Amino acid sequence: MLHEKLSSIYDNVLHRNPGETEFHQAVREVLESIGPVLGKHPEYAESKIIERICEPERQIIFRVPWEDDRGEVHINRGFRVEFNSALGPYKGGLRFHPSVYLGIVKFLGFEQIFKNSLTGLPIGGGKGGSDFDPKGRSQREIMRFCQSFMTELYRHIGEYTDVPAGDIGVGGREVGYLFGQYKRITNRYESGVITGKGLSYGGAQVRTEATGYGCAFFVDEMLKARGTSFDGKRVVVSGSGNVAVYTIEKIQQLGGVVVACSDSSGYVVDDAGIDLDLLKQVKEVERLRVDVYAKRRGGDASFVPGRSVWEVPCEVAMPSATQNEVTGRDAEMLVRGGCIAVGEGANMPTMPEGIRVFQEAGVAFGPGKAANAGGVATSALEMQQNASRDSWSFEFSERRLQEIMRDIHARCLATADEYGMPGNYVAGANIDGFRRVADAMLALGLI
Ligand code: NDP
């Protein structure tokens, strides 16, 4: 239910951003949480902080022409939404996926504002991407696309302005091509302009692992708060990309048994526990589909095409693929199967009905804004190392990540308690993230 004032703000968001359903969903979730904050802080409403937060500071849409290996010309659309810079330069990844349009980029950018605020680090919120589909494209086609994308994007970014990183379809290889083109056009070795870089040219230890590791650390904290741990727990992780792979790695180190993962073709179930070396070989090195994992693994491992991985019973679920991948029905299936905790590695993977099902069943539910903030937090640490021309060890970087995740967890719980909603991590994350941005916006005047 929306507070009356917030309901009219939400109606206005619907009216001003027609057809952008994912953006509407992300805004509604935040507005549903912050009603009680307005009661305590009338100054936010008086200064129209919420109306301002819902309107991006700047939205850039551009043409990306490129040539495939046969010489055919293709035209894609590029986006960068610079949503809020009250806390620092815009920060958020780039997504290359055919489903990308303005509504997806705006939902991701909006979420990023609160997530980045929750980390406690000096980063604003932004997001970008393209409707380019990297699947089946050669390495040289990917390079030419990235170069064309950066040929426009370079004029809008900079270490003090806007700092992109990876997301779906954009990993270390793409970040390398993007940074290379930025350097070539500007004649500046400006390491802090993009994060997720390779270790040989200014990248940071643990950035590749950070989102997945951080999400596992967050769920570990939720389990500890309930007097239990990952030890011996049956876990299902969706996806098999960057976030999923490193979520699996850390859960295994913490004693959990990951029995299933997926990609957009279906899922593999492997009751003996996923063989991570094999999964990395198939997905990261050879860039193949998950059915190849099941074929090579043999034994009891099997591939189930075209179905939802959430039909596999588990005690902990870690949605790590994409938005709206956990429906209300999936959530009911998970609860029936004995699920006690959910950690969102992906952004907004659980639909609103699903969140309700989990919360009503008393499942510990860690929303993406909090649970997957380890990726962007480690990106901010990469910027810090670039600025000081320093590089930290793996062990030190991982310890910093774990401290940040513990702190986010503790603040979500404390804020939920303060507002009379104990154990509600969604409310805790939205309120805590919102307050810091709102206070900065008030302090900075009419921005
Ligand atoms: P990757 O591109 O590395 O992997 C994405 C995975 O999700 C792949 O297995 C992919 O399968 C699957 N997937 C993507 N889209 C769909 C879809 N429409 N339906 C079914 N499966 C799909 O991306 P990341 O691991 O980086 O990102 C995963 C999620 O985590 C996203 O929501 C992203 O926003 C979020 N995130 C990522 C961060 C990061 O640091 N990378 C930081 C914070 C959040 P397939 O290959 O078949 O498409």
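For the reader, a short list of remarks on this structure follows.
- Out-of-range pairs (alpha-carbon distance over 22 Å; input Lys224/Lys250; Lys91/Lys250; Lys283/Lys369; Lys115/Lys283; Lys135/Lys283): Lys91/Lys250; Lys283/Lys369; Lys115/Lys283
- Annotation for Arg389 and Glu159: the two label points, set 7 Å from Cα along the Cα-Cβ direction, are 1.0 nm apart.
- Electrostatic bookkeeping for Ser191 treats Lys and Arg as +1 and Asp and Glu as -1; over the other residues with beta carbon under 14 Å from its beta carbon, the sum is +1.
- Considering only Leu6, Phe149, Asn17, the residue lying farthest towards the positive end of the dipole of the chain is Phe149, judged by Cα position with unit charges set on Cβ.
- R0 of 41 Å, Cβ-Cβ distance Ala361-Val292: FRET efficiency to nearest 0.05: 0.70
- Full-stretch length increase - Glu311, Arg63 - with 0.36 nm per residue and alpha-carbon distance subtracted: 85.2 nm
- Working from label points 7 Å from Cα in the Cα-to-Cβ sense, the Leu2 to Glu332 distance is 2.7 nm.
- Each residue of the stretch 422-431 is assigned a 3J(HN,Hα), and the resulting list reads x, x, 8, 5, 5, 5, x, 5, 5, 5 Hz, derived from the Karplus form 6.51 cos²θ - 1.76 cosθ + 1.60 (θ = phi - 60°), x at Gly and Pro.
- Residue-averaged [θ]222 nm for the chain, counting only DSSP H segments that reach four residues, each worth -39500 (n - 2.57): -15000 deg cm²/dmol
- GNM top mover of Asn430, Asn17, Asn187 - the chain, alpha-carbon springs below 10 Å: Asn187
- Stretchable slack from Arg399 to Leu446, in nm (0.36 nm times residue separation minus alpha-carbon distance): 13.1 nm
- Within the shell of other residues whose beta carbon sits under 11 angstrom from the beta carbon of Ser7, the net charge comes to -1, with Lys and Arg scored +1 and Asp and Glu -1.
- Computed FRET value (nearest 0.05) for Asp11 with Gln281, which takes r as the C-beta separation and R₀ as 51 Å: 0.50
- Full extension of the segment from Ser264 to Ala410, taken as 0.36 nm per residue of separation minus the current Cα-Cα distance, would add 49.1 nm.
- Estimated from the Cβ-Cβ distance and a Förster radius of 22 angstrom, the FRET efficiency linking Arg77 and Arg184 is about 0.40.
- Ranked Trp310, Trp392, criterion: other C-beta atoms within 10 Å, fewest first: Trp392, Trp310
- Net charge, Arg155 excluded, C-beta distance under 12 Å - Lys, Arg +1, Asp, Glu -1: -1
Values quoted throughout were computed directly from the atomic coordinates according to the rules given, and no laboratory measurement underlies them. All values reported here derive from a predicted model rather than from experimental measurement. Here Cβ is always computed from backbone atoms with ideal geometry, including for glycine, and neighbour counts include all displayed protein chains.
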